[in-house]
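Before any comments, here is the structure.
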Amino acid sequence: NFSVDNEVGSSFIHRRLRSQERREIQREILSILGLPHRPRPHAHAKHTAAPTFMLDLYNTVSTEAEPRAYSRYRAVLEGQASAAVSPQDSRFLDDADTVMSFVNLVDGDRDLLVQPHTQAFWFDVSRIPEGEAITAAEFRIYKDFIQERDGNETFRVSVYQVLQEPPDSEAALLLLDQRDVWASDDGWLVFDLTATSTLWQLSPEQNLGLHLVLEDRNGHKRNPRRAGLLTGSGPKDKQPFLVVFFKVKAVRFRGAR
Amino acid sequence: SAPAQKGRQSNRSKQQKAVQEALKAAEAGSDTLGLSKEGCKKHELYVSFKELGWQDWIIAPEGYAAYYCEGECAFPLNSDMNATNHAIVQTLVHFINPETVPQPCCAPTQLNGISVLYFDDSSNVILKKYRNMVVRACGCH
């Protein structure tokens, strides 16, 4: 046993735990966090855009007593394009008990080879925490500045919910949100997916994903890459993701152990 | 229980006398036995996610000052023990009847929340607010 002085001048007893104690403490803390076991994420996950955005949310919510997180992830993420937290996100955050980002499970730009003017996205929202209601949901996609195009050129970006996907005909789609962008625009585009995410939470079988469609000023469908939209390939720190804000529906009672 | 009207005054003075004697005895006892046990206080307890080797899935924080409450809620309860009125009464009754009435407990009276940012098995990222995780103040209950 030995005493360690911390930054605020007080001291505490510091003792290395035996492996059995360590396992027991880990089990207790996981139980308090409501996790059945220790998560094992993919090693490459930490370099993507979602953790950067979520760390910005974390730093927004942290109080004086909770110093900003300059963890080793910050060093990894430093210099990457931050999916900046907007005042609207801060409002969602104030009201939320949990915020969760979801990775796109459609493999890269594979769909663009089959349908060159449509990019598909699918997010597994079945992993939504039990007893929590969705208060807001945003689909975020990065748009790069396109140097080789006329800066005054405009595009329309539309996000559709897939209602039906018959094997031999075109998918039935529901328009969710649209943005008009300039070729010179650079930054994150945010689309409201609150109603759709709530539907997917209540009826997971209706989650057939999203389609993103790009049109030029003449209404012709174009490859999303033409406007600089980073749909799948490209830098990991600019990958699209879904962020969902939750609020606890009722008081949860912890089970006796 | 409410005594009969007759003799109420004499009963009350007898009770007060008994309590005063018990208090004197308790004070004398704690002096002679050297019972200067530490009162109910907040103590440092740091939970380090880093030292648990959890940094592969917990993004932030690296750990947090959780604190815990420890100490004796014994007579006389000092004001810095942040005791409830009931705890003061219970301390007194414990002295009079230690076999049946326990001492009050030293426990958190105010708790703060923390937020934890972590990956799940699918590499989704979760930011969760845990409302009552950090002891802000301790007291006798």
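The values are calculated or read from the model by the stated rules, or taken from the named source; none is laboratory data. It should be emphasised that the depicted structure is a prediction, and the values quoted were computed from it without experimental measurement. Cβ coordinates were reconstructed from backbone atoms using ideal geometry, including for glycine residues, and neighbour counts include every protein chain displayed.
Mind telling me which of the residues B:PHE95, B:PHE119 ends up being of a type in the set (Phe, Trp, Tyr) and at pLDDT below 90? Steps first, please.
Numbers: B:PHE119 fails: at pLDDT below 90.
Only one candidate passes the filter, namely B:PHE95.
Which pairs turn up if I take residues in the stretch A:31-46 that are within 14 Å of A:ARG127 (Cβ to Cβ) and look for partners that are of a type in the set (Lys, Arg) with beta carbon separation below 9 Å, at least 6 apart in sequence or on another chain?
A:GLY34/A:ARG252; A:GLY34/A:ARG254; A:GLY34/B:LYS128
Yes or no: A:LEU214 closer than 12 Å to A:VAL157 by Cβ and either of a type in the set (Ser, Thr, Tyr) or surrounded by 15 or more Cβ atoms within 10 Å (Cβ to Cβ) (or both)? First the steps, then the outcome.
Values: closer than 12 Å to A:VAL157 by Cβ: yes; either of a type in the set (Ser, Thr, Tyr) or surrounded by 15 or more Cβ atoms within 10 Å (Cβ to Cβ) (or both): yes.
In short, yes.
Going through the stretch B:118-127 one residue at a time, which ones are buried (at least 19 other Cβ atoms within 10 Å of the Cβ) and either more than 7 Å from chain A (Cβ to nearest Cβ) or free of Cβ contacts under 8 Å to residues at least 60 places away in the same chain (or both)?
Step one: of the stretch B:118-127, the residues buried (at least 19 other Cβ atoms within 10 Å of the Cβ) are B:118-119, B:123-127.
Scanning the stretch B:118-127 gives B:SER123, B:ASN124, B:ILE126, B:LEU127.
What are the residues in the stretch A:149-188 that are small (Gly, Ala, Ser) and more than 26 Å from the chain's Cα centre (by Cα), if any? Working first, answer last.
Taking the stretch A:149-188 as the starting set, the residues that turn out to be small (Gly, Ala, Ser) are A:151, A:158, A:169, A:171-172, A:183-184, A:187.
Residues satisfying the conditions are A:GLY151, A:SER169.
Please count how many residues of the stretch A:44-65 are more than 8 Å from chain B (Cβ to nearest Cβ) and aliphatic (A, V, I, L, M).
1
What strands (runs of 3 or more DSSP E) completely inside the stretch A:133-216 contain at least 1 residues that are more than 14 Å from A:PRO240 (Cβ to Cβ) and of a type in the set (Gly, Ala, Ser)? Talk me through it step by step, then tell me what you get.
On the way: elements: A:154-164, A:172-182, A:187-192, A:210-216.
Hits in the stretch A:133-216: A:154-164, A:172-182.
I'd like to know if the stretch B:83-92 contains one or more residues that are buried (at least 20 other Cβ atoms within 10 Å of the Cβ), of a type outside the set (A, V, I, L, M) and away from chain A (no Cβ under 12 Å). Reasoning before the result, please.
Pass one, the stretch B:83-92, residues buried (at least 20 other Cβ atoms within 10 Å of the Cβ): B:83, B:87, B:90-91.
This time we only want the ones that are of a type outside the set (A, V, I, L, M), so: B:90-91.
Now narrow it down to the ones that are away from chain A (no Cβ under 12 Å): B:90-91.
The answer is yes; a qualifying residue exists.
For the stretch B:78-106, which residues satisfy the criterion of being touching a strand residue (DSSP E or B) at 6+ places or on another chain (Cβ under 6 Å) and touching a residue at least 40 places away in the same chain (Cβ under 8 Å)?
Selection gives B:MET81, B:ASN82, B:ALA83, B:ALA87, B:CYS106.
Given the condition under 26 Å from A:VAL99 (Cα atoms) and in contact (Cβ under 8 Å) with a residue 40 or more places away in the chain, answer yes or no: does some residue in the stretch A:164-185 qualify?
no
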